[in-house]
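First up is the structure itself, then whatever we jot down about it.
The values are calculated or read from the model by the stated rules, or taken from the named source; none is laboratory data. The structure presented is a predicted model; accordingly, all values stated were derived computationally and were not measured. Please note: Cβ atoms are built from the backbone with ideal geometry, for glycine as well, and neighbour counts cover all protein chains shown. Accessible surface areas use protein heavy atoms only, side chains included; no ligands, DNA or RNA. Shrake-Rupley method; radii C 1.70, N 1.55, O 1.52, S 1.80 Å.
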Amino acid sequence: MPQILDGAAIAAAIKQDAKIEVEQLAAQGIQPGLAVILVGHVAASEIYVRNKVQSCAEVGLHSELITPPESVTTEEMLALVAQLNARDEIDGILIQLPLPAHVDAKRLLDAIAPEKDADGFHPINAGRVQSGRPALAPCTPAGVIEMLKRSKIEIAGKHAVVVGRSDIVGKPAAMLLLHENATVTLCHSKTKDLAAITRQADILVAAIGRPGFITSEMVKPGATLVDVGINRINTREEFDRFFKGNEKREAAFAKRGSVIVGDIHPAAFELSSAYTPVPGGVGLLTVAMLMANTVRAAKLRRGL
Ligand code: GUN
């Protein structure tokens, strides 16, 4: 039986560690603070942001939720970021994505002071991650590393194959795995004979954004499977492709009319030595790592 890498348990442990650090900072009169900017009313973003603000309270961080209207301009957002950059009680600034199309997201993300970039999206932090310097790394790939380490899964010397080359997940995941001394292959939509490469993976990280894209034939038996994908499926045909005969999922599908599947076909998990489930795996670590990053930002900015 494969080991199930429990995102909820590991997220709770990361938050507990952050909480202890927050208590130590409180003894020095410091309370790290996170500002979260949520523009407009995107339903999924509202849920994510609620989780983030709630997690701040659990860990003992100060948080501020700022909710400009959908009509906000890039200039107004730049002014807001400049104010937050200048405020000493704010250690982390997060702009929830996606932003409305008329707002220049890249310009805004680049305007966040790198030392307050809790999401780790600023090019300065990307460069610091790449060169192995102290950095605020993007939360999801940082969570993948924490998941592996805290589950005592050896990374050094292993062949880690990352599928997906986004700036937020795939690229930084490859860098962080490299710094842990894995031999890393980064694959993408133009990779030739992808299955031949993924079958060599001791650790396979799937961050493609396509439901069940990695099938059993693409996995080496005994591999560790890390599934970063969160895809909602709502047709009977798709449901049957992934979950036919699964009573628990059937009940969820009947109740909600949709279920979540990762980028790895659930049948492939059975071949693995360990895997991250979806939901309940890597997804839960992103918010936990945001808490860790905010505490880290507070310390780094004060030279602690
Ligand atoms: N939208 C979806 N995921 C994220 C995230 O991790 N950070 C931000 N800022 N926006 C997101």
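Here is how the numbers come out for the structure above:
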| item | result |
| --- | --- |
| The stretch 123-139: number of residues that are assigned to a loop (DSSP other than H, G, I, E, B) and either of a type in the set (D, E, K, R) or surrounded by 21 or more Cβ atoms within 10 Å (Cβ to Cβ) (or both) | 5 |
| Conditions (1) more than 14 Å from the ligand (Cβ to nearest atom); (2) in contact with a Phe, Trp or Tyr (Cβ under 8 Å, 6 or more places away or on another chain); number of the one not met by ARG128 | (2) |
| Matching helices (runs of 4 or more DSSP H) fully within the stretch 197-304 where at least 2 residues are under 29 Å from LYS52 (Cα atoms) and open to solvent by 40 Å² or more (accessible area, probe 1.4 Å) | 247-256, 283-301 |
| In the stretch 80-93, the residues that are within 15 Å of the ligand (Cβ to nearest atom) and among the hydrophobic types (A, V, I, L, M, F, W, C) | LEU80, VAL81, LEU84, ILE93 |
| Residues satisfying the stated conditions in the stretch 50-64, i.e. within 14 Å of LEU94 (Cβ to Cβ) and either within 9 Å of the ligand (Cβ to nearest atom) or more than 20 Å from the chain's Cα centre (by Cα) (or both) | LYS52, HIS62, GLU64 |
| Pairs with Cβ under 9 Å, 6+ apart, first in the stretch 30-51 and over 20 Å from GLN83 (Cα atoms), second open to solvent by 60 Å² or more (accessible area, probe 1.4 Å) and within 10 Å of the ligand (Cβ to nearest atom) | VAL42/PRO98; SER45/PRO98 |
| Residue in the stretch 269-284 that is in contact with a Phe, Trp or Tyr (Cβ under 6 Å, 6 or more places away or on another chain) and not small (Gly, Ala, Ser) present | yes |
| Scope the stretch 141-163; condition under 24 Å from LEU109 (Cβ atoms) and crowded, with 24+ Cβ neighbours inside 10 Å; matching residues | PRO141, ALA142, GLY143, VAL144, VAL162 |
| Residue, nearest to VAL144 (Cα to Cα), within the stretch 197-213, restricted to residues that are β-branched (Val, Ile, Thr) and within 19 Å of the chain's Cα centre (by Cα) | VAL205 |
| Counted residues, the stretch 30-72 - those being farther than 21 Å from ALA11 by Cβ, charged (D, E, K, R) and open to solvent by 80 Å² or more (accessible area, probe 1.4 Å) | 1 |
| Matching entry among LYS149, LYS171 (being assigned to a helix (DSSP H, G or I) and within 16 Å of the ligand (Cβ to nearest atom)) | LYS171 |
| Number of positions in the stretch 99-118 that are open to solvent by 20 Å² or more (accessible area, probe 1.4 Å) and either of a type in the set (Ser, Thr, Tyr) or within 16 Å of the ligand (Cβ to nearest atom) (or both) | 10 |
| Within the stretch 214-231, tally of residues that are more than 14 Å from ILE197 (Cβ to Cβ) and within 21 Å of the chain's Cα centre (by Cα) | 8 |
| Among (1) open to solvent by less than 10 Å² (accessible area, probe 1.4 Å); (2) within 15 Å of the ligand (Cβ to nearest atom); (3) within 17 Å of the chain's Cα centre (by Cα); (4) in contact (Cβ under 8 Å) with a residue 40 or more places away in the chain, the one test that GLN96 misses | (1) |
